[in-house]
1. Going by the structure shown, is Gly579 more than 27 Å from the chain's Cα centre (by Cα), closer than 21 Å to Lys461 by Cβ and open to solvent by less than 50 Å² (accessible area, probe 1.4 Å)?
2. I'm trying to understand the selection: among the residues of the range 525-555, which are open to solvent by less than 40 Å² (accessible area, probe 1.4 Å) and at positive phi?
3. If only one of Ala529, Ala584, Ala552, Ala501 is over 23 Å from the mean Cα position of the chain (by Cα) and of a type outside the set (Lys, Arg), which one is it?
4. State which residue pairs qualify: first residue under 14 Å from His413 (Cα atoms) and inside the range 455-476, second residue of a type in the set (Lys, Arg) and surrounded by fewer than 21 Cβ atoms within 10 Å (Cβ to Cβ) in any location, beta carbons under 9 Å apart, and separation of 6 or more residues or different chains.
5. Out of the range 772-792, which residues are open to solvent by 50 Å² or more (accessible area, probe 1.4 Å) and at pLDDT 75 or above?
6. Only one of (1) surrounded by 16 or more Cβ atoms within 10 Å (Cβ to Cβ); (2) at pLDDT 85 or above; (3) within 25 Å of Glu288 (Cβ to Cβ) is not met by Glu463, so which one is it?
7. Tell me, which residue of the range 241-279 that is open to solvent by 70 Å² or more (accessible area, probe 1.4 Å) and under 43 Å from the mean Cα position of the chain (by Cα) is nearest to Ala501 (Cα to Cα)?
8. Return the total of residues in the range 154-210 being in a loop (DSSP other than H, G, I, E, B) and at pLDDT below 85.
Amino acid sequence: LNFCACNAPTIILTSWPMAAMAGSWQPTQEDYRHLTELFAVYFPQVDADGEAADGNMQQRRTPINQPNIMSREQAHEALRWCSAICSRLGPGAMADSTFGQQVQRAIEVGRVRFTLGELRLLRPASPAAAGAAEAQDLGVRLSTQPDQFLAEFGLGLHVAGLALTRRLRPPATPQGGAPPAFDLSAVRRVDVEIVAPELQKQVEAVRSDLIDRYVGLRGSVVRAANIAPLITELNFTCGRCGSEVATSSIEGRFEYPSNCPKKCRFARFAVNRDKCKAIDWQRIRLQEDFAELATTSGPQRRMPRTVDCDLKRGLVGACVPGDAVTLYGIVRCMPTSGTMSGGSEGRQAPTRSLYILYLEVKAVVNSRRRDASSSSGGGADEEDFSPLQLEFIREIHKEEERLPVLVASFCQHIYGQPLVKAALLLALLGGLPLRAEGVERRLRRRGDIHVLLLGDPGLGKSELLRALARLSHRGVYISGNSSSTAGLTASVVRDPSGEFALEAGALILADNGLCCIDEFDKMGQDQQALLEAMEQQTVSIAKAGIVCTLPARTTVVTAANPSKGSWDMSLTLSQNLKGVMSEALLSRFDVIFLMRNQDQQSHDAALSRHIVNRRMPGVAGDVEGLAPAEDRFMTREAEMDRTELKVRLAKAGKDSALPMELLQTYLRYARHYAQPCLGKAARARIKEFYMERKNAAQGSGSLPVTPRQLEALIRLSEARAKAELRRVVLASDVEDVIEILRSGSDFQEEFSSVPLRKGKSKANVVIDKLMQYMNRRVKMGAGKEFREQELKDQCGRGVEPKEWDKAFSMLNNGGALLLNGSGIYEFNAAA
């Protein structure tokens, strides 16, 4: 018994005896009577002769004679299913098996779930098939005749469950009397949910040729309306004679009766609301999966396709906006307006003949609910890998070090930047989330790694983000200058019925995935919407009377330019980011990587050759002809003689790069199945580095070091071990992470050797250098007193004495630098 996240539990039948029981089940007279009485429940639109019945529900609810029922193919197919189920149940003591209890429970709750493979095991195909329905494959019948197939199986399961109940608890029958008859108004139909992965289609493939076909669609829920009642049966009362007429409604649409049963002239009918029947109904909107959008043959820069889906009965509430689901159901069509006209309405006739497609959902497979019930988040949910993919993972695992190969395979058209690429791949792998004990298993420490790329324009930050979004199975790429708070979190929209519905934003759609935000500095106040999502991994909504909290377990990777456009090394980190983002938001990033345009002739020459060669067809992009990655044995001696990570990454040439599909396969496997734990040496090194940063940050005027940085170091170390598919985090993993953090956080201001503003005199240049140096020393708590030679050394050589004297005179006259009696200058920062 599997209780799904909806109003009613779903029964999943899995405990089947694999060997068939001896003997064949034979239906009794009671079974035929149950089949006759239940036939009108499962086939309400088919009369005894097989023709479609009219709108009178009383006529359809009338039991049909047994000979007429047994002449129908639907009844024979239901008996075959009943025989297969009863044969699995078996006689005698086996009737009390788990399978029998599950069948009885399915009849009680009115829902049962099977997979198509389980149905084939339940009733395997036989070469000597009795009829065409028996010889036809179950998958083909389910796809082409879904309504009939589900009704036949549900009827057979219902009859088998009643037979099992009668065997366990025989009903009391009066002597000489007939057994009690069914109350058809109280009979609850069993809704059959069939999960058939082989019938899955892309959302883009939903066209008119799939109408009335059973398909499976995979995607993300972007909108969910409120739950509303859907009328299934209506009861009308004649205004003249008081006669009652019951009619059925199809998808909520009905018509008034045309005449009275007593032939009243000019009869007018009124709806008797007390005797109407309704079921729960909810409409959601499914958007195609991001992976399918990236691999489609059409244009990739297009709007993602969506399709409306209707949930009924126990399926309502089974998913919320942002869930990654697979919906199985029947493709239906409905008109865009009223009744189709026959062409007498002029210009409106073509518009009224248009239909829209939607999915009538029969089964919901929610990956988020499955992940939430797993014990440790990312690694416990099942992933499907083909034998060829597993063989590839075994082959690449034989390499001594896998991270250089991954870095060489990622975003090959961007030259260099190996440590930046390594940091982005570690963010994609992520760490291990820490959850509290108990049933709810609330999140105590997130496992997602947030990265911020800062620096000069033109270094490929946008291309790196796009490549990373394409690499993730749920990657969303957005631009900050065209995004809003509602687009990031969630918005409340009004659906066609007039009710408010919740529509998911980028952070919710990228749940358990990646959200890449480019031009982050252009967002302004909309950045504050990320504060809750980046730390608590949730998004709280309070709009239009809708108050809820949606999960947003998303890795946020952003790229931003400083306030002046390019990074000014003469300013501090806070000065460069003034007006770009707040310190509260800055502290939530695990890795802050500064990318600068290096003024090195050798680097510029190699970069130009790389760009030119990529424009030439047939020429490899790796112009340096680097050797393959060297072997790195995980021994104590190798760790003592280890080289820097940047050097090891540069040795992985283009020959060792992996194709995009294989890179995605390896990262997906490592993310889900690698769950490393911290080793003793790794714990000691993490603690030592954290204390070093804590002591160095005191009085330096840089970013404060908080326990968030300690947790970030742990997450990055776990991701580094995931890249190698290791079970234990080694000290060498921590050293690689420390190198990435140190190389990317070089925010220490430097003194420029050129004037900060064109047209400045040499004396003013000297004054700028001295003011920067003295302000920095005061912030670090080194005191306000300076010697003359110390100040001259900071200005460097080439300063003429007259320029020096002029600068000192200007500082002295302004009160910024005062000379005391002992020949020591005292700095006045307030001047």
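1. The answer is no for Gly579.
2. Matches in the range 525-555: Gln537 only.
3. Values: Ala529 fails: over 23 Å from the mean Cα position of the chain (by Cα); Ala552 fails: over 23 Å from the mean Cα position of the chain (by Cα); Ala501 fails: over 23 Å from the mean Cα position of the chain (by Cα).
It is Ala584.
4. Leu459/Arg596
5. To start, the set of residues in the range 772-792 that are open to solvent by 50 Å² or more (accessible area, probe 1.4 Å) comprises 775-777, 779-782, 784-785, 787-790, 792.
Correct list: Asn775, Lys784, Glu785, Arg787, Glu788, Gln789, Glu790, Lys792.
6. If we test Glu463 against (1) surrounded by 16 or more Cβ atoms within 10 Å (Cβ to Cβ); (2) at pLDDT 85 or above; (3) within 25 Å of Glu288 (Cβ to Cβ), just (1) comes out false.
7. Arg253
8. If we filter the range 154-210 for residues that are in a loop (DSSP other than H, G, I, E, B), which is where we start, we get 169-183, 187-190, 196, 202, 206-207.
Those still in the list that are at pLDDT below 85 too: 169-183, 187-189.
Number of matching residues: 18.
The values are calculated or read from the model by the stated rules, or taken from the named source; none is laboratory data. For clarity, every value in this text was computed on a predicted model and none was experimentally measured. Using ideal geometry, Cβ is built from the backbone for each residue, glycine included, and neighbour counts are taken over all protein chains shown. Surface areas here come from the heavy atoms of the whole protein model, side chains and all, with no ligands, DNA or RNA. Shrake-Rupley method; radii C 1.70, N 1.55, O 1.52, S 1.80 Å.
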